[in-house]
Amino acid sequence: MSNTLSFDYIVPGDDFTRAGEASSDVKHKLKQIGYDSDAIRRVAIAMYEGEINMVIHAGGGKAHVEISPEKIEMTLADNGPGIKDVALAMREGYSTAPDNVRALGFGAGMGLPNMKKSTDAMEIDTAIGTGTTLHMTVYAKR
Amino acid sequence: MTVNDVASILNAQILSAGDLNAEVKTACGSDMMSDVLAFVKDQSVLLTGLNNPQVVRTAEMMDMRCIIFVRGKEPTEDVLALARQKGITILKTEHRLFTACGLLYSNGLSGGDKI
């Protein structure tokens, strides 16, 4: 029997108020399992930032999460415009978010750098006009 | 101090009650949730003038116990509903952000470690 749990979520792109529901559910599940609290926090931050990004930039997307005793793997995929310059997007303070997003408390250019900082591994697969897929791993013990 | 102490120091109205006896040691004041997500470590109180459900989501992700809306900002029903669901206390004070932070700081709540 496999001891990996997997979950799939749709992140709706039209409703900013609902961003974070998937992260909240994953956080709740990890707490129920009794996962390491530091790992839970890091997963929650990375996935929440990812959800916010998908809502702001890509009109929503999908999240796939796999939980095993050793690690948590998150795949966030969207069909958005893609990231033109990944190195620039990874720079703290660089943001392409519109002003209305800043008014909501996001768009400080901290999202991707914070996701990288919070996880143990992060890969970005992006193509202009096609979309972006982010793969992130958090180990139970850092 | 407890969440209850925070409410009385700020002369705040309790709009949604989580665990009012929860012990809090550090706080963070910000309107930028991106920064809260990037820089907060173990702060359990968030003071903000930003008023939308993502404030509660951010607090939830960071395991915060209490959100204080400053400058008399009235949270909407969806904000309160989410906070009730997550067991997060919501307070409202007429003080400005700087004053509210100062009052809590001078009563012993700290800002946590340097970045």
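Every number here is computed from the coordinates shown, using simple stated rules; none is lab data. The structure presented is a predicted model; accordingly, all values stated were derived computationally and were not measured. Ideal geometry is used to build each Cβ from the backbone, glycine not excepted, and the neighbour counts take in all protein chains shown.
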Looking at A:Val138, A:Val101, can you tell me which residue is within 14 Å of chain B (Cβ to nearest Cβ), surrounded by 15 or more Cβ atoms within 10 Å (Cβ to Cβ) and assigned to a strand (DSSP E or B)? A:Val138
Which pairs do you get when a residue that is within 16 Å of A:His57 (Cβ to Cβ), found in segment A:8-33, comes within reach of a residue that is of a type in the set (Asp, Glu) and surrounded by 17 or more Cβ atoms within 10 Å (Cβ to Cβ), reach meaning Cβ atoms under 7 angstrom, with the pair 6+ apart or on two chains? A:Val11/A:Glu51; A:Ala19/A:Glu51; A:Gly20/A:Glu51
Condition set within 11 Å of chain B (Cβ to nearest Cβ) and among the basic types (Lys, Arg), scope segment A:18-53, selection farthest from B:Ser34 (Cα to Cα): answer is A:Lys31
Any chance you could count how many residues in segment B:34-57 are under 13 Å from A:Thr17 (Cβ atoms), of a type outside the set (D, E, K, R) and in a helix (DSSP H, G or I)? 4
Report, ordered by the first and then the second residue, all pairs with beta carbons closer than 8 Å, sequence separation of six or more or different chains, a first member in segment B:73-86 that is over 14 Å from B:Thr58 (Cα atoms), and a second member that is among the β-branched types (Val, Ile, Thr) and assigned to a helix (DSSP H, G or I). B:Asp78/A:Thr17
Qualifying positions in segment B:46-66 - out of contact with any Ser or Thr (no Cβ under 7 Å at 6 or more places or on another chain), more than 7 Å from chain A (Cβ to nearest Cβ) and of a type in the set (A, V, I, L, M): B:Leu46, B:Leu47, B:Val56, B:Ala59, B:Met62
Out of A:Gly60, A:Gly80, report the one residue that is on the phi > 0 side of the Ramachandran plot and more than 14 Å from chain B (Cβ to nearest Cβ). A:Gly60
